[in-house]
Amino acid sequence: MTNPEGPYVKVHFRMEVENDWPPASVESLWAVDQGDGTVRLDNIPWFVRGIACGDIVATEPDEEGVRWAGEVVRRSENCTIRLIVFRDGGSGAARQSVINAFHALGVCGEGIERFGMVALDVPPTADLTKVQGLLNHGVAKERWDMEEGCITAQWRAASVG
């Protein structure tokens, strides 16, 4: 696979584990090497807080060549929202129906079976009020629980509750 923007690399993020969550102390994400020691994240983070798909992040390789994430150099203005899906125990079909509902609002997402989770990448071009309305509706109806993994000022300004 070739990418005209640069090669794909894995970037590792260290995380603080508290009360056994998140379930790992390191999360690795796919990113596009920008050729200057930075990468553009090309993955929705499952557990890392404060970053979103499309963010430009500084990296530092260790002695084994593993690239470790540093500070965010430029924000994408995307938001990362994570859901624990309750319906059908977070089955594949339940997760996919949640992804489809948000896709209709211009939001991309992916699911992970192990935790019955869906991670959403909310671009600034999405109707943030409608996205938040659907999120809050799902929480109120106990369809899912949610966490705002990375939000923007635009997201806060659109807040419906």
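Which of the residues belonging to segment 1-60 are open to solvent by 30 Å² or more (accessible area, probe 1.4 Å) and aromatic (F, W, Y)? Matches in segment 1-60: Y8, W21, W30, W46, F47.
Scan segment 85-94 for residues that are at negative phi and open to solvent by less than 60 Å² (accessible area, probe 1.4 Å) and the total you get is 4. Quick one: is V139 open to solvent by less than 10 Å² (accessible area, probe 1.4 Å) and of a type in the set (A, V, I, L, M)? Considered against the rule, which asks whether it is open to solvent by less than 10 Å² (accessible area, probe 1.4 Å) and of a type in the set (A, V, I, L, M), V139 comes out as no. For V66, the conditions (1) over 14 Å from the mean Cα position of the chain (by Cα); (2) surrounded by 19 or more Cβ atoms within 10 Å (Cβ to Cβ) are fulfilled apart from (2). Residue count for segment 126-149, restricted to those that are without any contact (Cβ under 8 Å) to a residue 24 or more places away in the chain, β-branched (V, I, T) and more than 27 Å from E27 (Cα to Cα): 0. If you go through segment 18-45 and keep only what is modelled with pLDDT under 95 and hydrophobic (A, V, I, L, M, F, W, C), you end up with W21, A24, V26.
Beta carbons closer than 8 Å, at least 6 apart along the sequence or on distinct chains, pair a first residue in segment 95-110 that is closer than 13 Å to K130 by Cβ and open to solvent by 70 Å² or more (accessible area, probe 1.4 Å) with a second that is small (G, A, S) and not in a loop (DSSP other than H, G, I, E, B) for H103/G109.
The values are calculated or read from the model by the stated rules, or taken from the named source; none is laboratory data. Quick caveat: nothing in here was measured; it's all calculated off a predicted structure. When we count neighbours, we look across all protein chains shown, and the Cβ atoms used for this are built from the backbone with ideal geometry, even at glycine. For accessibility, only protein heavy atoms count, side chains too; no ligands or nucleic acids. Shrake-Rupley method; radii C 1.70, N 1.55, O 1.52, S 1.80 Å.
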